[in-house]
Amino acid sequence: MADYGHPVRFGISIDPGAADFASALSLARQADRSGLDYLAVQDHPYQPGYLDVWTMLTYLIAQTGRISVVPDVIDLQLRPPAIVAKAAASLATMAGGRIQLGVGGGASAQGVAAMGGLPRRGDDMVAFTDEAIQIIRQALRGEVIQLSTPQHRIAGYQAGPVPPRPVGVWVGSQKPKMLAVTGRASDGWVCPLNIYVAPDEVPGRQAAIDEAARGAGRDPREVRRVYNVSGVIGPYMGGRGLVGTVDHWVSTLTEWAAGLGFDTFIFWPATDPPRPAPDLRVRGDPRRAHAGRQAARRGMTGLPLPGILRNRVVRPGDRRYEVLRSTYTTIASPAIILLPENADEVAAALTAARGSGLPISVRSGGHGLSGRSSNDGGIVIDLSAMRTVDIVDADARVVRVEAGARWAGVAAALAPRGWAISSGDHGNVGVGGLATAGGIGWLARSYGLTIDHIRAVEFVLADGTRVRADPDHEPELFWAARGAGDSAGIALAFEIEAAPIRNIGIAQIVVEADRGWRHDPPMVGAHGAGRAGTDNHRHPLPGRGQLRRAVHRRGRR
Ligand SMILES: Cc1cc2nc3c(=O)[nH]c(=O)nc-3n(C[C@H](O)[C@H](O)[C@H](O)COP(=O)(O)OP(=O)(O)OC[C@H]3O[C@@H](n4cnc5c(N)ncnc54)[C@H](O)[C@@H]3O)c2cc1C
């Protein structure tokens, strides 16, 4: 149990995409009416498709009645801290204190440099951010600030106005040194999205913050704990984040409040908002319509894309960009993400990407530990739309699995036949990355690696040609595919021989460290090798009251 004694608060992330601000504003107004506490806006000003965070927050404040706003989080490397404090104090003064200030050391050094900022990394970044936070806090108290360090030169600034209510300075951080700064000097910790910092990684980070707070003579309860939560309230359709019914959300957030110590949750919807109706005036003029189509085919990069990829493009500013830009381990900012749905589209995407001269990443499940399935400023070819599992030969139990499937989906598709494929230990890992690398998991001792059971691999090679490699055709490529496959080309699909496996049991031994060793009775039951969705209904966004009551109620148990 971790309880820092703060009331539970809820907020929603409002997308700063310029292309559809009307939807963002409508969602913000709905959140205000529904009783949520915060409108949070991310800050990536180097993305041409995004609005400026301060301008947007100011507009949202003016368009709503009671809800507070919070930059989530503002990039300090692009703004002098005294100006950040001035803007926050001004907004707080004009809007009755309806603001908290989320700040961070910057997400993309490349983006900072592109805008003329001085990108700082490592210890430099930590020292700069540490000082910047202190400057902001002093300025919000209306003090005179004078500082001359390698990072800041402030010659004597009389800060003001002092906000009518204290503006909390919340810090986005995830690595030890910045967590220490957060504990020492902030009013709140903004934990990155749950898809980047998973719940089981939170306790260690909370402990680091608590230790730093105590070391600075503070009570750890002075630091609020904010979790950015990406996901879908509705059935599992693939993708990452928290996905499930309202009940599932309530019980999960309850666990995260009562067990992990979070008091504030910011919801990042991982679905497309409703798109506005197409502009028929543009359709009416064929020349303008043609120009519009050409523009749509060019990504952020000016990349000329063939027509078959027209509806397969995600750019910065699109709602899905936030979910697709990064990998399980690495935050990234690609210029464009392509989501082909078949082999021809993969070949077209690869040809267009090669022609651009930009970095290219190939992604299946995005769980690669190296983070190479995304990049900064380049092109990502994401195969997640290609996830079909077909039976090729029922007698020989040979199945064809597309690379974008996840192992949970494969397990769910094969379970009714009593078949399974030796893969990993985590249902969200993608087929493409694991089956081209090795694949070692729960079944490895009895059934070997995933690559031991591959009978053929379909590739798109670097020059765009398609090849099926098996022991008789392209045997060397087939050999390379099973272990070094991501160096051979883009694997589209694998033919794999499944094993007949039924009645799997799973046992768990629980040890309570404070009471000495003891064995709980093992839990035995049917085991699906991963997670499969069973819900059939989409659920509306639960109101703040509903969530808060439920979280409080369950948290007390
Ligand atoms: C939580 C977690 C649990 C894990 N558990 C296991 C485990 O139990 N057993 C195990 O063996 N591994 C495990 N791994 C490691 C994982 O299998 C590898 O990192 C694997 O490469 C991830 O595959 P992916 O498709 O999800 O990754 P991605 O990030 O999409 O890709 C990983 C790499 O493969 C390349 N690649 C992806 N798709 C293709 C394709 N279709 N064609 C060519 N290249 C491609 C990418 O470019 C990248 O270099 C785990 C990883 C995580 C994060």
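Here PRO416 passes the criteria (1) without any contact (Cβ under 8 Å) to a residue 12 or more places away in the chain; (2) within 12 Å of the ligand (Cβ to nearest atom) except the one numbered (2). Summed over region 173-219, the residues that are in contact (Cβ under 8 Å) with a residue 60 or more places away in the chain, crowded, with 22+ Cβ neighbours inside 10 Å and either in contact with a Pro (Cβ under 7 Å, 6 or more places away or on another chain) or part of a loop (DSSP other than H, G, I, E, B) (or both) give a count of 3. All conditions but one from (1) at pLDDT 95 or above; (2) open to solvent by less than 40 Å² (accessible area, probe 1.4 Å); (3) more than 12 Å from the ligand (Cβ to nearest atom) apply to ALA411; the one that does not is (1). A search for C-beta distances below 9 Å between a residue of region 487-507 that is among the polar types (S, T, N, Q) and any residue that is open to solvent by less than 30 Å² (accessible area, probe 1.4 Å) and within 16 Å of the ligand (Cβ to nearest atom), counting only pairs 6+ apart in sequence or on different chains, returns SER487/THR436; SER487/ALA480.
Of all the listed residues (ILE379, ILE421, ILE391), the sole one being in contact with a strand residue (DSSP E or B) (Cβ under 7 Å, 6 or more places away or on another chain), within 16 Å of the ligand (Cβ to nearest atom) and more than 30 Å from THR351 (Cβ to Cβ) is ILE421. Taking first residues from region 428-441 that are acidic (Asp, Glu) and partners that are in a loop (DSSP other than H, G, I, E, B), no Cβ contact under 8 Å between residues at least 6 apart in sequence or on separate chains turns up. The residues on offer are GLY448, GLY432, GLY427, GLY439, and the sole one that is open to solvent by less than 40 Å² (accessible area, probe 1.4 Å) and away from the ligand (no atom under 11 Å from the Cβ) is GLY448. Could you please let me know if VAL398 is more than 8 Å from the ligand (Cβ to nearest atom), open to solvent by 40 Å² or more (accessible area, probe 1.4 Å) and modelled with pLDDT of 95 or more? The answer is no for VAL398. Checked against the criterion of being touching a residue at least 40 places away in the same chain (Cβ under 8 Å), assigned to a loop (DSSP other than H, G, I, E, B) and buried (at least 19 other Cβ atoms within 10 Å of the Cβ), the candidates SER384, SER370 yield just one match: SER384.
The values are calculated or read from the model by the stated rules, or taken from the named source; none is laboratory data. On a predicted model such as this, the values are computed, not experimentally measured, just so you know. A quick note on method: Cβ atoms are made from the backbone with ideal geometry, for glycine too, and the neighbour counts reach across all protein chains shown. Quick note on the areas: whole protein, heavy atoms, side chains included, nothing else; ligands and nucleic acids left out. Shrake-Rupley method; radii C 1.70, N 1.55, O 1.52, S 1.80 Å.
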